Amino acid sequence: MTTTTTPFTSISPRKIRVIGVPLDLGQSRRGVDMGPSAVRVAGLEARLEALGHVVEDAGNVSVAIAEQKKEGDPRAKYLKEITATCTKHAELVLKTLEAGKVPIVLGGDHSVAAGTVAGVAEFYRRQEQKIGLIWIDAHSDINTPDSSPSGNVHGMPLAAIMGLGPPELSNIFNFSPKVNPDNCVLVGVRDIDGIEKEHIRRAGVEVFTMRDIDERGMRAVMEDALRMAGRGTAGYHVSLDMDWIDPEDAPGVGTPVRGGATYREAHLAMEIIADHGRMLSFEIVEVNPVIDEHNRTAVLAVELTLSAFGKKIL
Ligand SMILES: [Mn+2]
């Protein structure tokens with residue numbers, strides 16, 4: 001494979017496989033199940049290929065719908081169905097990496113990340129390597145069934161990844177935690193539940209809040225975050241919750257919160273990720289077309305993906 005970059009990109013051409021996971025059982029506001037479709041409609045594949053990448057679409061992982069299923073345990077609603085989807089999805093991510101392709105995962109709510117990270121971590125574990133994780137989000141998603149005020153599993157995937165539970169989600173591929181705390185970095189959080197603060201300390205993950213970005217700037221924060229996630233690892237997975245970006249620019253998300261990253265800050269973060277060239281896999285979650293305006297949040301998701309995959313301004 002060639003390692004030269006095209007005049008239009010900062011990274012060499014990649015073989016990419018797109019995987020849709022239209023899961024909306026992890027949260028109560030419906031509509032993120034249409035996220036993968038909205039991002040495809042916004043031209044993800046063609047625009048990545050225009051950058052020189054080779055892209056195939058694996059379609060969608062099959063997902064139960066709420067109307068067919070019972071909620072189950074109110075402290076972790078639809079956990080059985082979400083675990084089944086994440087387990088299937090994790091296998092597909094593993095196979096994608098085995099085939100020498102970079103997974104781009106389209107959510108769905110953020111609980112899909114429990115499957116994505118399991119698949120990436122398992123692939124590298126088999127080669128006795130560790131991975132890092134960059135978790136870009138307004139929320140810290142580190143609740144457990146005992147702490148969650150809502151019982152919505154999309155607030156729990158980071159807890160699952162770090163081995164704090166729920167056990168069904170933590171134990172995909174039978175090992176836990178999936179990422180060492182020193183290599184797990186939250187970026188841009190601004191809305192954290194009380195008990196989650198305790199979980200963050202207990203898990204020992206690294207955190208950069210929106211205040212860090214305000215005070216130090218995006219460049220300094222991203223350089224630190226990528227260094228932490230990359231230290232002693234094969235590279236890192238990047239999990240991008242679109243609610244990280246300010247609702248002004250990304251209104252169509254599962255859980256909008258004021259005070260997010262600006263349009264340019266978000267692009268800069270992705271451009272810095274591309275410059276470092278160590279991203280192993282990428283995912284975009286929580287795009288909700290039902291409350292979006294003419295698909296512009298999905299269009300932004302595509303643009304940010306292009307930046308993360310090497311698109312340069314000049
Ligand atoms: Mn999230």
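Things worth noting here:
- The chain: relative contact order as a whole-number percent, Cα under 8 Å and 6+ apart: 22
- Accessible carbon and sulfur surface of the chain relative to its total accessible area, %, 1.4 Å: 50
- Candidates Val185, Val205, Val93: whichever shows maximal mean-square fluctuation once the chain is modelled as a Gaussian network with Cα springs under 10 Å: Val205
- Springs join every pair of Cα atoms under 10 Å in this Gaussian network model of the chain, and among Ser150, Ser140, Ser239 the largest mean-square fluctuation is at Ser150.
- The lysines within cross-link reach of Lys88, meaning a Cα-to-Cα straight distance under 25 Å and a gap of 8 or more places when in the same chain, are Lys15, Lys69, Lys70, Lys77, Lys80, Lys101, Lys130, Lys178.
- When the chain is treated as a Gaussian network with alpha carbon springs shorter than 10 Å, the biggest mean-square fluctuation among Asp73, Asp137, Asp246 belongs to Asp73.
- Listed by chain and number, the aspartates and glutamates placed with their C-alpha closer than 19 angstrom to that of Lys95 are Glu56, Asp57, Glu122, Glu128, Glu283; residues fewer than eight positions away on the same chain are left out.
- Accessible surface area normalised per residue over region 161-240 is 42 Å², counting heavy atoms of protein chains with a 1.4 Å rolling probe.
- Theoretical ellipticity at 222 nm over the chain - DSSP helices of four or more residues, -39500 (n - 2.57) apiece, nearest 500: -11000 deg cm²/dmol
- Peptide packing for 225-234, 284-293 was compared via the average number of neighbouring C-beta atoms within 10 Å per residue; ordered from the highest value, the list is 284-293, 225-234.
- The spacing between region 48-78 and region 116-175, judged by their C-alpha centroids, is 16 Å.
- For Gly115, net neighbour charge (Lys/Arg +1, Asp/Glu -1) across residues whose Cβ lies under 9 Å away: 0
- Across region 168-217, C-alpha contacts under 8 Å between residues 6 or more apart give a mean separation that, scaled by the residue count, equals a relative contact order of 41 percent.
- Loop-resident trypsin sites (Lys or Arg not before Pro) (DSSP state other than H, G, I, E or B) in region 4-90 with no more than 11 further Cβ atoms inside 10 Å of their Cβ: Lys70.
- The smallest convex shape that holds all Cα atoms of the chain, its convex hull, gives 115 Å³ per residue.
- Accessible area in square angstrom per residue, region 20-78, 1.4 angstrom probe: 49
- If the convex hull is drawn through the Cα atoms of region 158-314, its volume per residue in Å³: 125
The values are calculated or read from the model by the stated rules, or taken from the named source; none is laboratory data. A quick note: this is a predicted structure, and the numbers were derived from the prediction, not measured. With ideal geometry, Cβ positions are generated from the backbone for all residues, glycine too; neighbour counts draw on all protein chains shown. For accessibility, only protein heavy atoms count, side chains too; no ligands or nucleic acids. Shrake-Rupley method; radii C 1.70, N 1.55, O 1.52, S 1.80 Å.
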